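The values are calculated or read from the model by the stated rules, or taken from the named source; none is laboratory data. As the structure is a prediction and not an experimental result, all values here were calculated from the model. Please note: Cβ atoms are built from the backbone with ideal geometry, for glycine as well, and neighbour counts cover all protein chains shown. Surface areas here come from the heavy atoms of the whole protein model, side chains and all, with no ligands, DNA or RNA. Shrake-Rupley method; radii C 1.70, N 1.55, O 1.52, S 1.80 Å.
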Amino acid sequence: MIELIATAESVEQGKTLLDAGIDTLYVGEDEFGLRLPASLSLDEIHTLTDYAHENGKQIYVAVNALMHNDRIEKVMPYLQSLQSIGVDAMTVGDPGVIHLMKKNNIVLPYIYDAQVMVTSANQVNFWAKRGAVGAVLARELTYEELKMIQQQTTVPVEVLVYGATCIHQSKRPLVHNYFGYIQEKAPSMEERQLFLVEPKKEETHYSIYEDINGTHIFATDDVNLMPQLGNLADAGLTQWKLDGIFTRGERFIEIARLFVEAKQAFEAESWSEELAIRLNDRLQSLHPQERALSEGFFLKDPTEIQ
């Protein structure tokens, strides 16, 4: 069964996404979660959880930040609050958090999420034996690698089908440091569209996102696997993630609706190349024009990746 997982930037957007057919919302507070479209409070998460459960849907919460000593000391009250709210699962990448969960009898299901590090079935199964109910796979895996992992894992694995791919994180606030160096006020995240360009490759467009966890740099192309959903379904890869960190508001909701329509077609056994083309054309028109789209590493030969 296909599960559509989507980020939400607000309670209002989250409810609309659930109403549109999204199965699971992915939310969190940036104190403990990485690269979120918005930082939602515990009260907001509680509101969304109640709404999701009333409608037979789920809430996953990001607790996948790199936990330095100051952060790890704060995480237990947060975990206890999530358990009290009754969220369905959380993503965790720090073994220290998993240790604290077991030590303090936190019974929340967790999905292992170490981002670029999750590249083999053995690693997924290692954490499954230690309580993980799923895993978030690295975004830089090819179709052949994804198929092999799916065949060998003992828990479901998540694949990004739409959204940006982070390729670097620094704990340092590099953007603010730069504007401090040139003695100018740093613009807010809403005001700026900052990116890096390689001097000899003018087409590169490495987007920069900064939050309390540091500075995050994203790949030039956002991922779009709409044309490849048939291959994913055939391989049994049915946890599909939509990330709206750079696609905001109503536009992201409309893109989510396209994947809901795709899911419904698979369930009705009516998926076709013609439908894939139509949905993909619509997606291309909704995607921010300043951001490129591609299938990322999906169709690459694993032996040729450098």
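Odds and ends about this structure:
- For the stretch 76-86, a tally of residues being open to solvent by 10 Å² or more (accessible area, probe 1.4 Å) and either within 21 Å of Ala128 (Cα to Cα) or touching a residue at least 60 places away in the same chain (Cβ under 8 Å) (or both) returns 1.
- Applying the condition of being acidic (Asp, Glu) and part of a helix (DSSP H, G or I) to the stretch 231-260 and asking which residue is farthest from Ile208 (Cα to Cα) yields Asp234.
- Looking only at the stretch 261-306, and only at residues there that are hydrophobic (A, V, I, L, M, F, W, C) and assigned to a loop (DSSP other than H, G, I, E, B), the one that is surrounded by the fewest Cβ atoms within 10 Å (Cβ to Cβ): Ala268
- Pairs with Cβ under 6 Å, 6+ apart, first in the stretch 275-297 and without any contact (Cβ under 8 Å) to a residue 60 or more places away in the chain and over 16 Å from Leu242 (Cα atoms), second open to solvent by 40 Å² or more (accessible area, probe 1.4 Å) and not aromatic (Phe, Trp, Tyr): Ala276/Pro227
- Residues of the stretch 113-145 satisfying the condition of being in a helix (DSSP H, G or I) and surrounded by 22 or more Cβ atoms within 10 Å (Cβ to Cβ): Val124, Trp127
Per-residue answers, yes or no, for (1) of a type in the set (Val, Ile, Thr); (2) modelled with pLDDT of 95 or more; (3) not in a helix (DSSP H, G or I):
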residue	(1), (2), (3)
Gly14	no, yes, no
Pro37	no, no, yes
Glu44	no, yes, no
Thr49	yes, yes, no
His53	no, yes, no
Tyr60	no, yes, yes
Leu82	no, yes, no
Val87	yes, yes, yes
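- One residue stands out in the stretch 16-35 among those that are in contact (Cβ under 8 Å) with a residue 40 or more places away in the chain and not in a loop (DSSP other than H, G, I, E, B): the one that is farthest from Asn64 (Cα to Cα), namely Ala20.
- When Ser41 is tested against (1) crowded, with 16+ Cβ neighbours inside 10 Å; (2) closer than 23 Å to Ile212 by Cα, exactly one condition is not met: (1).
- The residue list Leu48, Leu4, Leu100, Leu17 contains one member that is over 14 Å from the mean Cα position of the chain (by Cα) and either within 20 Å of Gly134 (Cα to Cα) or open to solvent by 20 Å² or more (accessible area, probe 1.4 Å) (or both), which is Leu100.
- Any hit, the stretch 236-251, residues being aliphatic (A, V, I, L, M), modelled with pLDDT under 95 and either more than 17 Å from Ala6 (Cα to Cα) or touching a helix residue (DSSP H, G or I) at 6+ places or on another chain (Cβ under 7 Å) (or both): no
- Scanning the stretch 103-112 for residues that are of a type in the set (A, V, I, L, M), open to solvent by 20 Å² or more (accessible area, probe 1.4 Å) and within 19 Å of the chain's Cα centre (by Cα) yields a total of 0.
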